[in-house]
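The values are calculated or read from the model by the stated rules, or taken from the named source; none is laboratory data. Every value quoted in this text rests on a predicted model; they were computed, and no experiment measured them. We place every Cβ from the backbone using ideal geometry, glycine too, and count neighbours over all the protein chains shown.
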Amino acid sequence: MELKVYNWEYFERWKKWYLIFALIILVVAILSILSNNVVWWIFVLMITWWYLYYTTKINNITTMIIGKNSLQISKTAYPREILKWFVLEYHTQKKKIHNIVIIDSKNEYKIYTIKDTAKNVEWFVNKLNENIPMLEKYEQTNFDKFIRKIKL
C-alpha cells in the first residue's frame, strides 16, 4: 500500500505572502545595487534561486510505500533499521492529519504533507506503526518553528 504525499512540507500561502516576499527581495536588491555591494546582490540571487528550486521540489506529489524491510519515499528507500520514529501532525482547523514526520537514527527528521484520503492515511499509519514506533510529538528548534511560522 502506498500513501500520496508532497515531496516535503507543503504550505498553503495567501497572495499577500508572495507580495511581501517579492517586495523584501526587491528592496534588498535595490539597496545592494545602490550601495555597490556585490555580496548582497549575490546573496539575493542565491536566495531567489533557492526559493524557486525549493517550491518546485515540494510541490511534486510522490508516494510513500511500506516494503518488507524499508520505507520508500519517492525513489529513496530507507531501511527500517535507520528509522527511529514517526510522528503525525494534526491540522486543527481542517480537523485531519496534515503531516507525517519521519525521524531517523541520527534524530534528523523529514516532514511530508499528506495528500491522500483519510482511509488510506489510517491504513498506512497502522501498517507503519507495526514496524516503527510512533511518538506523540517531537522537539523542533526555534529556527524550525520560525521557518514554519512564516511558511518558508
Residues located in the stretch 52-99, provided they are in a helix (DSSP H, G or I), of a type in the set (S, T, Y) and surrounded by 11 or more Cβ atoms within 10 Å (Cβ to Cβ): Y54, T55
Residue match in the stretch 115-136 (condition: under 15 Å from K4 (Cβ atoms) and within 14 Å of the chain's Cα centre (by Cα)): yes
Failed criterion for S70 (all others in (1) within 17 Å of V121 (Cβ to Cβ); (2) touching a helix residue (DSSP H, G or I) at 6+ places or on another chain (Cβ under 7 Å); (3) of a type outside the set (A, V, I, L, M, F, W, C) hold): (1)
Residue check, E89 modelled with pLDDT under 80, of a type in the set (D, E), within 18 Å of the chain's Cα centre (by Cα) and closer than 20 Å to K115 by Cα: no
Unmet criterion (only one of (1) modelled with pLDDT under 90; (2) under 21 Å from M1 (Cα atoms); (3) out of contact with any strand residue (DSSP E or B) (no Cβ under 7 Å at 6 or more places or on another chain)) for K95: (2)
Pair list, Cβ under 6 Å, 6 or more apart: the stretch 77-100 residue outside the structural domain of F124 (by TED's automatic domain parsing), other residue part of a strand (DSSP E or B) and not aromatic (F, W, Y): none
Matching option when the condition is in contact with a helix residue (DSSP H, G or I) (Cβ under 9 Å, 6 or more places away or on another chain) and not small (G, A, S), among N131, N107, N142: N131
Check on A29, outside the structural domain of N129 (by TED's automatic domain parsing), part of a helix (DSSP H, G or I) and in contact with a helix residue (DSSP H, G or I) (Cβ under 6 Å, 6 or more places away or on another chain): yes
Extreme residue, farthest from F11 (Cα to Cα), among residues of the stretch 130-148 that are among the β-branched types (V, I, T) and without any contact (Cβ under 8 Å) to a residue 40 or more places away in the chain: T141
Qualifying residue in the stretch 133-146 (condition: under 20 Å from I61 (Cβ atoms) and surrounded by 12 or more Cβ atoms within 10 Å (Cβ to Cβ)): no
One residue from V44, V27, V5 being closer than 30 Å to T117 by Cβ, surrounded by 11 or more Cβ atoms within 10 Å (Cβ to Cβ) and β-branched (V, I, T): V5
